[in-house]
Every structure is written in C-alpha cells, then in structure tokens.
Amino acid sequence: MIRARGRSVLSLVLPLAGAVTLAAPMALAHPHVFIDAGVTLIVDDAGKVEAVEVTWRYDELYTLILLQDYGLDPDFDETLTEEEVAETLGFDLNWNSGFDGGLHLYRGATELALGRPEAVSLELRADGRMETVHRRPVTGDPGGEDQIEAQVYDEAFYVAFEATLPSGISGAGDCVPELVRADLDAAYERLQVELAAIGGAVAAEDNFPPVGAYFADRLVFQCVR
C-alpha cells in the first residue's frame with residue numbers, strides 16, 4: 001500500500017473504518033481512499049514512450065487526514081507554503097511490496113516496464129483536495145502501430161482509482177485518449193464470487209481478495225503510433 005512517512009494508508013484510515021469483520025454484504029466498505037487519476041505520456045522522436053507522469057487527486061476526507069498527519073495548512077487558508085510543499089513532496093511514493101504504484105502500461109500485448117517514481121509537484125487545491133504528480137521512466141516500448149493502454153488500480157482495492165483527470169501526451173494537445181470506464185456491476189459481481197471463495201467473509205484487511213483490476217478504468221491512446 002501507499003505509505004506516508006513510514007506509516008501506511010491503512011494505519012491512517014483504518015481507525016475511521018473501525019475494527020469490523022467485513023461480511024459479503026459489507027464488501028462495499030471497500031475501498032477506503034478514493035483517488036482521481038490522470039496519465040501523461042512522454043514520448044521520444046520515434047513515438048516510443050520514455051516516461052510517464054501520473055496525477056493523483058485525493059478525496060476530501062483523506063486530504064483532511066493528510067493535512068492533520070503532516071501538520072499542513074494550520075491557518076486553514078487552503079494554501080500550502082513553499083516550506084510545507086518542500087517537506088511533504090513525495091510523501092506518497094514510499095511504496096511497500098504490496099503496492100507498486102498501481103500503474104499498468106501496455107503497447108498492444110506488451111506490458112512496459114516502469115522505473116522508480118520521482119515526485120514532481122504537490123498542491124492543495126481550492127476545492128480542498130490534495131493533488132500530487134509523480135514521474136516514472138518507461139523502458140521496453142517496442143513502438144509500432146499498436147495502441148497504448150493505461151490502467152491505474154490498487155489490486156487490494158483499498159484505494160479506488162478513477163482515471164477521470166485530463167490525460168494525454170506531452171506536447172501533443174490533440175491526442176486525447178479514450179476513457180473506457182469500468183463495468184462496476186460486473187466488477188461487484190466478481191467481488192462477490194471472490195468473497196464466496198474465501199468463505200463469504202473477510203477476517204482482516206490483508207485477507208481482502210485482489211479484485212482491484214475488475215474496477216479499473218482504461219485509457220486508450222490510439223494516436224501513439
């Protein structure tokens with residue numbers, strides 16, 4: 001999962017959820033954090049993807065938790081100082097083995113390799129939501145005529161990502177990907193099947209079935225050729 005200064009999202013949010021056992025009807029208690037995401041591809045002169053910038057915009061509740069945890073915006077003016085940004089930038093990039101950043105990038109059937117993230121920016125928006133941007137190098141893009149597809153999801157479904165923020169290709173404003181939204185009805189049906197397979201109840205957060213991919217939106221870049 002995502003970690004903040006050595007503390008996981010789980011340790012920050014679970015007290016709000018309460019120490020409960022999630023039976024199948026309570027599966028909707030997942031997820032606990034909601035993030036709107038955007039993906040910007042950075043391509044070379046040959047049209048191959050060499051890096052990607054990912055935007056995460058946190059929901060209002062989790063933003064409040066972050067502000068409290070880091071002691072940010074104590075005057076409640078919804079503006080972070082340069083010092084606050086400098087001290088907090090990259091807080092959400094210290095991932096452990098259970099979370100790899102959630103981004104999956106494909107050229108046709110080939111999944112592209114993603115390097116370690118580097119923080120780009122952090123801001124507290126006027127709507128009260130924290131937004132961060134990070135950049136990751138991309139290797140192994142074979143190029144060619146196949147389209148690029150991107151998905152952002154947390155396999156454990158603790159965090160729900162929606163790919164609703166602006167996405168595109170750096171320097172190519174006319175290349176807007178098609179957003180294919182997840183079929184949520186089908187996803188929740190699959191979730192119920194997964195829950196039934198483990199006896200119909202989740203005894204602990206780490207026992208929740210890996211269903212995040214079922215809930216993932218797809219960004220289809222047909223102009224990267």
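Yes or no, residue by residue, for (1) closer than 30 Å to THR79 by Cα; (2) polar (S, T, N, Q); (3) at pLDDT below 95; (4) over 13 Å from the mean Cα position of the chain (by Cα):
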| position | (1), (2), (3), (4) |
| --- | --- |
| GLU111 | no, no, no, yes |
| GLU118 | yes, no, no, yes |
| THR132 | yes, yes, no, no |
| GLU149 | no, no, no, yes |
| THR164 | yes, yes, no, no |
| LEU179 | no, no, no, yes |
| ASP183 | no, no, no, yes |
| ALA203 | no, no, yes, yes |
### Task
For segment 121-131, name all the residues that are in contact with a Leu (Cβ under 6 Å, 6 or more places away or on another chain) and under 11 Å from THR63 (Cβ atoms).
LEU124, MET130
### Query
Of all residues in segment 85-135 being of a type in the set (Val, Ile, Thr) and assigned to a helix (DSSP H, G or I), which is most open to solvent (accessible area, probe 1.4 Å)?
VAL85
## Note on the structure
Residue set LEU41, LEU67, LEU12, LEU22; condition farther than 13 Å from ARG129 by Cβ, crowded, with 19+ Cβ neighbours inside 10 Å, more than 15 Å from the chain's Cα centre (by Cα) and at pLDDT 95 or above; output residue LEU41
### Query
Looking at segment 165-190, which of its residues are touching a residue at least 40 places away in the same chain (Cβ under 8 Å) and among the β-branched types (Val, Ile, Thr)?
ILE169, VAL180
### Message
Is it the case, given these coordinates, that ASP69 is in contact (Cβ under 8 Å) with a residue 12 or more places away in the chain, touching a Lys or Arg at 6+ places or on another chain (Cβ under 8 Å) and in a loop (DSSP other than H, G, I, E, B)?
### Response
no
### Task
Within segment 137-146, track down each residue that is open to solvent by 20 Å² or more (accessible area, probe 1.4 Å) and either under 19 Å from the mean Cα position of the chain (by Cα) or of a type in the set (D, E, K, R) (or both).
PRO137, GLU145, ASP146
### Message
If the requirement is being closer than 30 Å to VAL224 by Cβ and open to solvent by 80 Å² or more (accessible area, probe 1.4 Å), which of these qualifies: GLU50, GLU149?
### Response
GLU50
#### Entry: Count - residues of segment 92-102 that are at pLDDT 95 or above and in contact with an Asp or Glu (Cβ under 9 Å, 6 or more places away or on another chain)
2
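For every residue, the table says whether it meets (1) in contact with a Phe, Trp or Tyr (Cβ under 6 Å, 6 or more places away or on another chain); (2) within 20 Å of ARG57 (Cβ to Cβ); (3) crowded, with 16+ Cβ neighbours inside 10 Å.
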{"residue": "ALA163", "(1), (2), (3)": "no, yes, yes"}
{"residue": "SER167", "(1), (2), (3)": "no, yes, yes"}
{"residue": "LEU179", "(1), (2), (3)": "no, yes, no"}
{"residue": "ALA186", "(1), (2), (3)": "no, no, no"}
{"residue": "LEU191", "(1), (2), (3)": "no, no, yes"}
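The values are calculated or read from the model by the stated rules, or taken from the named source; none is laboratory data. Since we're looking at a predicted model, the values are computed, not measured. Counting neighbours? That spans all protein chains shown, and the Cβs are built from the backbone with ideal geometry, glycine included. These accessible areas exclude ligands, DNA and RNA; they are computed on the full protein's heavy atoms, side chains included. Shrake-Rupley method; radii C 1.70, N 1.55, O 1.52, S 1.80 Å.
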